[in-house]
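Please read the structure below before turning to the comments.
The values are calculated or read from the model by the stated rules, or taken from the named source; none is laboratory data. Keep in mind the model is a prediction, meaning the values are calculated, not measured. Cβ coordinates were reconstructed from backbone atoms using ideal geometry, including for glycine residues, and neighbour counts include every protein chain displayed. Side chains included, ligands, DNA and RNA excluded: accessible areas come from the protein's heavy atoms. Shrake-Rupley method; radii C 1.70, N 1.55, O 1.52, S 1.80 Å.
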Amino acid sequence: MLTIGGRPLPVVGRARMYVCGITPYDTTHLGHAATFVWADVAARVLRHLGVDVEVCRNVTDVDDVLDAAAASSGARPDSFAAVQQFRFDRDMAALGVRRPVHEPRAHNHVGQVVTLAAALLESGAAYLRGGTIWFRGDDVPARAGLDTAAAAELAAEFGHRFDADAEGPADVPLWRAARPGEAAWPSPWGEGRPGWHAECAAMALTTFGPSLDLHAGGADLRFPHHAYESAMAEAVTGVRPFARAWMHVGTVRYEGAKMAKSTGNLVLVSDVLADHPAAALRLLLVDRQWAREWDYEPAGLDAAAARLERLYAVAARGLGETGSAAETVTAALLADLDVPRALDVAEEAGGDAARLVLSMLGLALA
């Protein structure tokens, strides 16, 4: 049985896995790639157990940041997003990340956000003010283990503020009244557009129903995004928990700060792959504990490439009976995806154990 975050995740037959996808306003950097490669590894390990893993990875193509990036480039938001999505898909294919079964796009689920907002409004979990539907979030920071000040600080990192227009400081928009000149959709409350957290809640509920087996995303999305997404879903369905397990992948840092466009310290996957094998980059991303924050160093790529060559060499030799080592590799990966332990065992034992780890981690790439 796979454990995630130290908690067992028993699955019978099918696993419903939701992965928070990209907002397609820039090309893929290593911070993005780490999340999606780790989610792919988790899905591969579950498949090794005989589980039918159904992955849903959304595309947030209705977003203020996307609109701003498109406007600065002189492009329509939909055209701009399509180009960025193409580049993202190319990078994921190069890294061996399997295509998801479901890939909902926010602009196709505006109607479901309206339905979600209407249901929460009727139940009293939301209220209408000035054409905006606000979700009552008084208890959400505490559920995430935060006080109001810490929650406000984290929300501000995404350009959000605990708005004075709302009744409560932690209330967030499910549906926001349109501003002049921006894309908007009709609703019972007038022209508007969906809130970010409501988009993911609506896409996940539409795809999988009221609960998930595993929800993956970057650690920086734990709050506010995932906290409000799950609170909205639970409020509308009455089913708790929304996700049986969470996989918040550790932040990638570079030059002393979180890798982000706003920081200007991006390392793009396409640039790395121009002179390094894709399997070496994939190995670099996963040869660590998945939940830990880490610092990218270019020299790490050479070390990963060297380790990969050693694994290929010992896998090709077929070093005799390695059944027990292969079992140890599997056990390590089931124990909270302990990739470093699995790699150490495989590198020492070679043969079947090395071939197994290369397969389960998706490292048999050109």
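Computed from Cα atoms, the angle from the helix 196-208 axis to the main principal axis of the chain rounds to 60 degrees.
Under 8 Å for C-alpha pairs, at least 6 residues apart: give me the relative contact order for the chain, rounded to a whole percent. Over the chain, the number comes to 20 percent. Dipole magnitude for segment 1-151: about 520 debye, using +1 per Lys or Arg Cβ and -1 per Asp or Glu Cβ, origin at the Cα centre. Taking the Cα centre of segment 226-303 as reference, the dipole from Cβ charges on Lys and Arg (+1) and Asp and Glu (-1) amounts to some 380 debye.
Against the main long axis of the alpha-carbon atoms of the chain, helix 299-317 sits at an angle near 50°.
The magnitude of the dipole of the chain, with charges of +1 and -1 set on the Cβ of Lys/Arg and Asp/Glu and taken from the Cα centre, is near 660 debye. The DSSP beta bridges internal to the chain are antiparallel in roughly 45% of cases. Take segment 46-187 with all the other protein chains still there, run a 1.4 Å probe, and you get 50 Å² of accessible area per residue. The C-alpha atoms of the chain define a longest principal axis, and helix 110-123 lies at about 60 degrees to it. Amide H to amide H, with H built 1.01 Å from N, Val19 comes under 5 Å of Cys56, Arg57, Asn58, Ala216, counting only residues 5 or more places away or on other chains.
Here is how the number arises for the chain: DSSP H runs of 4 or more residues each give -39500 (n - 2.57), the sum is divided by the residue count, and the result at 222 nm is -14000 deg cm²/dmol. Under 5 Å between amide hydrogens, built in the peptide plane, is the criterion, and for Asp295 it picks out Arg253 among residues at least 5 positions away or on other chains.
Leu311 sits among other residues whose Cβ lies under 10 Å from its own Cβ, and their net charge, with Lys and Arg +1 and Asp and Glu -1, is +1. The portion of the accessible surface of the chain made up by carbon and sulfur, rounded to a whole percent, is 52 (1.4 Å probe; DNA, RNA and ligands excluded). The residue list Ala274, Leu311, Pro298 was ranked by how far each Cα lies along the charge dipole of segment 252-314 toward its positive end, using unit charges on Cβ atoms, and Leu311 comes out on top.
Accessible surface area normalised per residue over segment 234-366 is 45 Å², counting heavy atoms of protein chains with a 1.4 Å rolling probe. Among Leu343, Leu120, Leu49, the largest mean-square fluctuation in a Gaussian network model of the chain (Cα springs under 10 Å) belongs to Leu49. Under a 5 Å amide H cut-off, with hydrogens placed 1.01 Å from N, Leu212 pairs with Ala243, Arg244 among residues at least 5 apart or on other chains. Ordering Gly124, Pro100, Thr27 by Cα displacement along the dipole of segment 2-145 toward the positive end leaves Pro100 in first place; charges were set at the Cβ atoms of Lys, Arg (+1) and Asp, Glu (-1).
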